[in-house]
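The values are calculated or read from the model by the stated rules, or taken from the named source; none is laboratory data. All figures in this text were calculated on a predicted structure; none of them were measured in a lab. For neighbour counting, all protein chains shown are included, and Cβ atoms are generated from backbone atoms with ideal geometry for every residue, glycine included. Each accessible area value is taken on the protein alone, full model and side chains, heavy atoms only, with ligands, DNA and RNA left out. Shrake-Rupley method; radii C 1.70, N 1.55, O 1.52, S 1.80 Å.
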Amino acid sequence: MNHIIKTILAEWKGKNIPAVISRDINIQGYLNMKINKILVLNGFRRVGKTYILYGLANDILKSNSREEVVQINFEDERIPLKTEFLSDLLPTAEEIFDKKIKYLFLDELHNIPNWSKWLRRTYDNRDMRIFVSGSSSRMSEEEIPTELRGRFLEIKIFPLSFKEFLKFKKLSFDFKILDYSKEKPIILKALAEYITYGGLPEIVLEDEGKKLELAQSYYSTVIKRDIAERYNIKNEESLKALLKLLLDSKEYSVSKTYNTLKSLGHKVGKSTVQKYISYIENSYFAFSLPIFSYKIKNQMQYPKKIYFIDNVFINSISTKFSNNFGRLYENIVAVELKRRKKESYYWKNMEKEEVDFIIKEDKEIGQLIQVCYDLTDQDTKKREIRAILKASKSLKCDDLIIINQDYFGEEEAEWFGIKRKVKFIPLWKWLLDEN
């Protein structure tokens, strides 16, 4: 065991930490907190968690020696999945470096048995800053083991926001004095790429001809490592079929999904379908939105809408929605609302008219958001306005937004006595202005 640890630590000591493009996530500020907490960066694989920590490590090493900093990636195939590895790690590091470890960076720690008990013991007994990254909901605030409660802070990491995407593409704008005639075409071109290929950092920086191929390799890894292996799924073909069905759907119910899989010859029960969906969501690959209702029973009975962590998977895997800009716009908005920590639902009435996002703030409905790519067709525009006005009356909310391709303005709208102001905002502007 010690031989493996010494080999990995020697590699770390000689490693050149890569320079990173900064993100709009201030990790440095956590170093100055008076109360020491374990900082957990959690999110889908390949969103850039490790590189965010590399950036922090580079800052730390400006005033500390390499022997005081340790970084371990627990997806290294040489590391045995045994608790003993953790127990031996720090004593071995301090033996060979002859210094106390002050900063500890741990990637994918949850792969090791009893990781949380070891982390608790290390936190309680050593004076050091600990940074952990994970791609499983097991490290989230909702599921963190009891022994770590009160000892950690979680930061959810998402693919690049559109503002970060522009930075990665080396496009810099002062949005307070934006020259629309000159810079808007550049922004719209960048938005088209963002909508199509998403915001996973490696894919953003990859040549266009290889982006979808790289996305497909990520997809295969998620199926294999983050879902099938992690949850010991033997029926991998049914899992793949379920993922394809979800990628080709805007909403799902367990019963209908079960019946579809059954008709395709897959032998899975309803409870298994439900488990598979929870595993997919636990890997952060997808997330669901329930219908808005004050009755929990209704939320459970109605279909849920399904969204994916990055548009590139819709374009590279889906056979139905690739290059469907309406679907791609809606998925972008769903992910951005999650990034902004908005509690979201969808709304649908008995006439099957729908509003895409109902934003709940405390116990009140704060905003209604409809997403429509193309409003040039007047019938389409009237339909979208009618739905959001009806929802406005039903939910008693007057903050109404329709996110679209290019129309910016505000209109007084009316439908059978319902009068409201409706704001129209282009997607690019909504993404860049969090207010």
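Projecting the Cα positions of SER161, ASN111, VAL132 onto the charge dipole of the stretch 101-170 (unit charges on Cβ atoms of Lys, Arg, Asp and Glu, taken about the Cα centre) puts SER161 furthest along the positive direction.
In terms of its Cα atoms, the chain spans 78, 58, 46 Å along the principal axes, sorted from long to short.
With a cut-off of 13 Å between beta carbons, the residues surrounding LYS348 carry a summed charge of 0, where Lys and Arg count +1 and Asp and Glu -1. Phi angles of the stretch 43-51 translate, via the Karplus equation with coefficients 6.51, -1.76, 1.60 and θ = phi - 60°, into HN-Hα couplings of x, 4, 4, 6, 7, x, 4, 4, 6 Hz per residue; Gly and Pro are given as x. Between the amide H of VAL40 and those of VAL132, LEU153, GLU154, ILE155, distances stay under 5 Å, these residues lying 5 or more places away or on another chain, with hydrogens modeled in the peptide plane.
Beyond 24 Å in Cα-Cα separation lie the following of the pairs LYS184/LYS244; LYS348/LYS421; LYS297/LYS348: LYS184/LYS244. Per-residue 3J(HN,Hα) values for the stretch 291-297, derived from phi via the Karplus relation 6.51 cos²θ - 1.76 cosθ + 1.60 with θ = phi - 60°, read 5, 7, 7, 6, 9, 4, 4 Hz in sequence order (x marks Gly and Pro). Shown are GLU84, GLU336, whose ranking by accessible area with a 1.4 Å probe and every protein chain present, most to least, is GLU84, GLU336. Using a cut-off of 27 Å between Cα atoms, the listed pairs LYS275/LYS429; LYS6/LYS100; LYS304/LYS396; LYS170/LYS210; LYS117/LYS338 include LYS275/LYS429; LYS117/LYS338 as exceeding that distance.
Amide H to amide H distances under 5 Å link ILE402 with GLN370, LYS423, PHE424, ILE425, where only residues 5 or more positions off or on other chains count and H is placed in the peptide plane.
In the chain, the portion of solvent-accessible area held by carbon and sulfur atoms comes to 48 percent [1.4 Å probe, whole percent, DNA, RNA and ligands not counted]. Within the listed set GLU95, GLU251, GLU141, the Gaussian network model of the chain (springs between alpha-carbon atoms below 10 Å) gives the highest mean-square fluctuation for GLU95. When you work out D = kT/(6 pi eta Rh) for the stretch 1-94 at 25 °C and 0.890 mPa s, using the Kirkwood radius from C-alpha pairs as Rh and the Stokes-Einstein form, the result is 163 µm²/s.
Computed 3J(HN,Hα) for the stretch 69-85, one whole-Hz value per residue from the Karplus formula 6.51 cos²θ - 1.76 cosθ + 1.60 where θ = phi - 60°, is 10, 10, 10, 10, 9, 7, 8, 5, 5, 6, 7, x, 7, 9, 4, 4, 4, glycine and proline marked x. Summing Cβ point charges (Lys, Arg +1; Asp, Glu -1) relative to the Cα centre of the stretch 151-257 gives a dipole of roughly 240 debye. Seen from LYS100, the other residues with C-beta closer than 10 Å to its C-beta sum to a net charge of -2, counting Lys and Arg as +1 and Asp and Glu as -1.
In the full protein context, the chain carries 50 Å² of accessible surface per residue, based on a 1.4 Å probe and ignoring ligands, DNA and RNA. Dipole size of the chain about its Cα centre, with +1 on Lys/Arg Cβ and -1 on Asp/Glu Cβ: approximately 940 debye, rounded to the nearest 20. For ARG386, ARG149, the ranking by accessible surface with the largest value first comes to ARG149, ARG386, using a 1.4 Å probe. Considering the dipole of the stretch 1-105 built from charges on the beta carbon (Lys and Arg +1, Asp and Glu -1) around the Cα centre, which of PHE44, ILE4, THR92 is farthest to its positive end? It is PHE44, whose Cα lies furthest towards the positive end. Relative contact order of the chain, taken over Cα pairs closer than 8 Å and 6 or more residues apart, is 12 percent.
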